[in-house]
1. Based on the mean of other beta carbon atoms within 10 Å per residue, what is the order of 197-203, 90-96, most packed first?
2. Taking N as the number of residues in segment 77-151, what is its alpha-carbon radius of gyration divided by 2.2 N^0.38 Å?
3. If r is the Cβ-Cβ distance from GLU104 to SER204 and R0 is 22 Å, what FRET efficiency results, to the nearest 0.05?
4. For the chain, what does -39500 (n - 2.57) per DSSP helix run (n ≥ 4), summed and divided by total residues, give at 222 nm, in deg cm²/dmol to the nearest 500?
5. In whole percent, what relative contact order does segment 133-174 give with Cα contacts below 8 Å and a gap of six or more residues?
6. What whole-number distance in Å separates the alpha-carbon centres of segment 39-116 and segment 120-189?
7. Rank-order 172-181, 32-41 by packing density, defined as the average count of other C-beta atoms within 10 Å over each peptide's residues, highest first.
8. Here are some pairs, LYS160/LYS191; LYS107/LYS160; LYS145/LYS191; LYS92/LYS148; LYS107/LYS161; LYS107/LYS146; which of them have Cα atoms lying more than 24 Å apart in this structure?
Amino acid sequence: MALNDAEVRKQIEHMMAFIEQEAKEKVDEIDAKAEEEFNIEKGRLVQQERLKIMTFFEKKEKQVELQKKIQKSNQLNQSRLKTLKAQDDHIKSILDDAVKRLGEVTKDTSRYEQVLRGLITQGLFQLLEPAVSIRCRQQDLNIVKKVKEASVEDYKNSTKKTTEVTVDEQSFLPSDCAGGIELLAKQGRIKVVNTLESRLEMMSRQMMPEIRETLFGVNTRRVFQD
């Protein structure tokens, strides 16, 4: 049967409605899929940026922690240096006071004679030269001339060697020297300094660990005791 115009138009409208519905569903499907992919990609990007931020701040925290450790170490080192300087200053003041007290030894003439005799003898042992000149303080000239022969005798008895010892009466040790002597040989090219200050300095170097322990206690950070 032939369709009239109304029926044809109705079928066409029905087909158009069907096509529009299919298109709408397809659009909705595409939109849903696009939304899903968008959310997935957005989540991935957010997670990626979150990890970057976390990594950045972890790195910063480590840097801050390292900086704190460095600052703490620097502060401890500065504190130790200040402590060591204060200790060194204290030891220096004690040694300076000891140098001043050395002058008291020279006031006891008999005792000072024994000291000079020992210093001269020791210097002769160090030089082992056939000719030696002694330099002393001007105020000690007579005492040195008095004890030098005894020192030479001590030297000869121990070494079985002879030596000619002269006392320099033209050139003297500084007046502010606490005492003691200098021995010279080979026209002054060889010299042994045996002043009271030099002996104190040598002894203080050798006994510095004991001095520090006596003044400041045992150093717990010290590794070697010898």
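1. 197-203, 90-96
2. Output field value: 1.63.
3. Calculated value: 0.80.
4. My calculation for the chain gives -26000 deg cm²/dmol from helical runs alone.
5. 64 percent
6. Between the Cα centre of segment 39-116 and that of segment 120-189, the gap is 48 Å.
7. 172-181, 32-41
8. Pairs exceeding 24 Å: LYS107/LYS160; LYS92/LYS148; LYS107/LYS161.
Bear in mind that the values in this text are calculations on the coordinates, not laboratory data. Model, not experiment: these values are computed from the prediction. For neighbour counting, all protein chains shown are included, and Cβ atoms are generated from backbone atoms with ideal geometry for every residue, glycine included.
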